[in-house]
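**Q** Below is the structure I would like to discuss, written out as structure tokens.
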């Protein structure tokens, strides 16, 4: 991304107005795990005649940055105000879903400054980077404050995956699985892809990411598993990472759909086996206490509640076995 490729320079040229500048926002995890990143970015921008507003704003990664004090979001706002960011400028957000939410929230305070997203995790590359809104947490509830925040552009560079920790990598297959549950062709491809994912085959991931993005563009309103995943995260006090909450919620969703006759048991089992191969089901093995709290997980008036409770019971039974 910050080497020989001119893709980013072209996108920024199209996004910026005359004399426009870039406010760089970067996830602290990316900065700490990518050698010489600041120098590479500085050299790339200089070589391509792109102006920065000043020093990059480094924001913390993870859900806690969205529900504790929002200091990361206000750091972006402060930087934008201090450097007089305007309509001809843009924000370049480098990181995962939290970085995109914080950058989107800050951009909205200045009338919707364009945000270009550079995802750095497998989950962000196949999911969060394409979200059409940004959200923050309040009062222990996830994403309760939402607002439109469509990215001006998304650029995926799989070279960043080399810096991703094993736990984040294993959890990252959940977003792919959610789409695979709604697309028979992608499901078959995901099953074949799972062993290569387990071996951190980045070339295979690049191919799968391209397929997922193609499918995602056709299913922008698909939110399978997200509401249940959000509730699991809330119930855990946000100790359950989003990456592990999504596959766990998907197992519940598929179980309920199987009970309701909306999904075949064979298809659900294929996806579960693929997630197991990818190593994405750690959330299941550490969340029995959450699953036992069915009344907290599912509202009394929830549609098809009995089917979802049955799906949870089946998961708990399988875990005991």
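**Q** Filter the stretch 35-58 down to the residues that are touching a strand residue (DSSP E or B) at 6+ places or on another chain (Cβ under 9 Å) and not in a helix (DSSP H, G or I) and list them by number.
**A** Result: 50, 51, 52, 53, 54, 55, 56, 57, 58.
**Q** Now for a different question. Report yes if residue 251 is part of a helix (DSSP H, G or I) and touching a helix residue (DSSP H, G or I) at 6+ places or on another chain (Cβ under 9 Å), otherwise no. Talk me through it step by step, then tell me what you get.
**A** Working: part of a helix (DSSP H, G or I): yes; touching a helix residue (DSSP H, G or I) at 6+ places or on another chain (Cβ under 9 Å): yes.
Criteria met by residue 251.
**Q** Test residue 240 against the stated conditions and say whether it is touching a helix residue (DSSP H, G or I) at 6+ places or on another chain (Cβ under 7 Å), under 30 Å from residue 136 (Cβ atoms) and assigned to a helix (DSSP H, G or I). If you could, list the steps in order and put the result at the bottom.
**A** Values: touching a helix residue (DSSP H, G or I) at 6+ places or on another chain (Cβ under 7 Å): yes; under 30 Å from residue 136 (Cβ atoms): yes; assigned to a helix (DSSP H, G or I): no.
So residue 240 fails the test.
**Q** Hey, any hits in the stretch 218-227 for a residue that's in contact with a helix residue (DSSP H, G or I) (Cβ under 9 Å, 6 or more places away or on another chain), at negative phi, touching a residue at least 60 places away in the same chain (Cβ under 8 Å) and surrounded by 15 or more Cβ atoms within 10 Å (Cβ to Cβ)?
**A** No, the stretch 218-227 contains no residue that is in contact with a helix residue (DSSP H, G or I) (Cβ under 9 Å, 6 or more places away or on another chain), at negative phi, touching a residue at least 60 places away in the same chain (Cβ under 8 Å) and surrounded by 15 or more Cβ atoms within 10 Å (Cβ to Cβ).
**Q** Is there a residue in the stretch 280-288 that is exposed (fewer than 13 other Cβ atoms within 10 Å of the Cβ), in the same structural domain as residue 192 (by TED's automatic domain parsing) and in contact with a helix residue (DSSP H, G or I) (Cβ under 6 Å, 6 or more places away or on another chain)?
**A** As a first pass, look at the stretch 280-288 and keep what is exposed (fewer than 13 other Cβ atoms within 10 Å of the Cβ): 285, 288.
In the following step, the residues that additionally are in the same structural domain as residue 192 (by TED's automatic domain parsing) were identified as 285, 288.
In the following step, the residues that additionally are in contact with a helix residue (DSSP H, G or I) (Cβ under 6 Å, 6 or more places away or on another chain) were identified as none.
Within the stretch 280-288, not a single residue is exposed (fewer than 13 other Cβ atoms within 10 Å of the Cβ), in the same structural domain as residue 192 (by TED's automatic domain parsing) and in contact with a helix residue (DSSP H, G or I) (Cβ under 6 Å, 6 or more places away or on another chain).
**Q** Here's a follow-up. Which residue is surrounded by the fewest Cβ atoms within 10 Å (Cβ to Cβ), if the candidates are limited to the stretch 289-305 and must be touching a residue at least 40 places away in the same chain (Cβ under 8 Å) and in a loop (DSSP other than H, G, I, E, B)? Full working, then the answer.
**A** The initial filter retains those residues of the stretch 289-305 that are touching a residue at least 40 places away in the same chain (Cβ under 8 Å), namely 290, 293, 296-297, 304.
Add one more test, that the residue is in a loop (DSSP other than H, G, I, E, B), and what stays is 293, 304.
On the way: 293: 13, 304: 15.
Per the criteria, the residue is 293.
**Q** May I ask you to say which residue of 104, 61 is surrounded by 15 or more Cβ atoms within 10 Å (Cβ to Cβ), in contact with a strand residue (DSSP E or B) (Cβ under 6 Å, 6 or more places away or on another chain) and assigned to a helix (DSSP H, G or I)? Steps first, answer last, please.
**A** Working: 61 fails: assigned to a helix (DSSP H, G or I).
Sole residue among the options that is surrounded by 15 or more Cβ atoms within 10 Å (Cβ to Cβ), in contact with a strand residue (DSSP E or B) (Cβ under 6 Å, 6 or more places away or on another chain) and assigned to a helix (DSSP H, G or I): 104.
**Q** Given (1) crowded, with 20+ Cβ neighbours inside 10 Å; (2) part of a loop (DSSP other than H, G, I, E, B), where does residue 79 come up short, assuming only one miss?
**A** (2)
**Q** Next question. Please go through the stretch 50-78 and give me each residue that is farther than 30 Å from residue 236 by Cα and in contact (Cβ under 8 Å) with a residue 40 or more places away in the chain, ordered by number.
**A** Listed by number, the list holds a single entry, 50.
**Q** Then there is this: Determine if the stretch 19-29 includes at least one residue that is assigned by TED's automatic domain parsing to the domain that holds residue 123, at pLDDT below 95 and in a helix (DSSP H, G or I).
**A** Yes, that holds for at least one residue.
**Q** Here's another thing I want to ask about it. Does residue 270 satisfy the criteria of being under 30 Å from residue 125 (Cβ atoms), at pLDDT below 95 and either touching a helix residue (DSSP H, G or I) at 6+ places or on another chain (Cβ under 6 Å) or not assigned by TED's automatic domain parsing to the domain that holds residue 175 (or both)?
**A** Numbers: under 30 Å from residue 125 (Cβ atoms): yes; at pLDDT below 95: no; either touching a helix residue (DSSP H, G or I) at 6+ places or on another chain (Cβ under 6 Å) or not assigned by TED's automatic domain parsing to the domain that holds residue 175 (or both): yes.
Answer is no for this residue.
**Q** Sticking with this one: Could you pull out every one of the helices (runs of 4 or more DSSP H) wholly within the stretch 114-220 that has 1 or more residues that are modelled with pLDDT of 90 or more and outside the structural domain of residue 96 (by TED's automatic domain parsing)?
**A** Counting at least 1 such residues, we get 166-171, 174-180, 184-198, 202-216.
The values are calculated or read from the model by the stated rules, or taken from the named source; none is laboratory data. The structure displayed is predicted, hence computed values, not measured ones. Heads up, the Cβs are rebuilt from the backbone with ideal geometry, glycines too, and the neighbour counts pull from every protein chain shown.
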